[in-house]
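A short reminder: the numbers here are calculations on the coordinates, not readings from a lab. Model, not experiment: these values are computed from the prediction. Counting neighbours? That spans all protein chains shown, and the Cβs are built from the backbone with ideal geometry, glycine included.
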Amino acid sequence: MAVDKHAVLERIDNDQELFEEICTIFRNDGPELVRKLRDAVDAGQIVVAIRHAHSLKSSSANIGASELSELARQAELAGNQGDTGIIRALLPTIAAKLHEVIAELS
């Protein structure tokens, strides 16, 4: 299970409508965040990459996608250490996990 829907619903007082809204936003923004993360790494813009990794980490956590959030956290940490190689190595796994999360949300 890529998304812990029950934990999120518990956190938002079982507001199904809010959950659906959060998921819609994530489905729209998640792929864009990963694309921007990849583009920033390719351009050598480490500060921008860190920001996008952080945003992906937070938005993934908001929808209960803890594995994706953890991958984004690792990318953010690597960026903070100036290691774009680790981010590059994580990107295929991040993209695959994002695809899995979006499929589950659909």
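Worth pointing out:
- Linear extension gain, Asp83 paired with Arg11, 0.36 nm per residue minus alpha-carbon span: 22.5 nm
- Relative exposure of Thr93, Thr24, Thr84, judged by other C-beta atoms within 10 Å (fewest first): Thr24, Thr93, Thr84
- Given charges at Cβ of Lys, Arg, Asp, Glu: the stretch 9-97 dipole, positive-most of Ile94, Ile22, Leu68: Ile94
- For His99 and Glu70, the difference between the fully extended length at 0.36 nm per residue and the C-alpha to C-alpha distance is 8.9 nm.
- For the chain, averaging the sequence separation of C-alpha pairs within contact (under 8 Å, six or more residues apart) and dividing by the residue count gives a relative contact order of 32 percent.
- Angle of helix 46-62 to the longest C-alpha principal axis of the chain, folded into 0 to 90 degrees and rounded to 10: 20°.
- Think of it as helices only: each DSSP H run of n ≥ 4 in the chain is worth -39500 (n - 2.57), and spread over all residues that comes to -28000 deg cm²/dmol at 222 nm.
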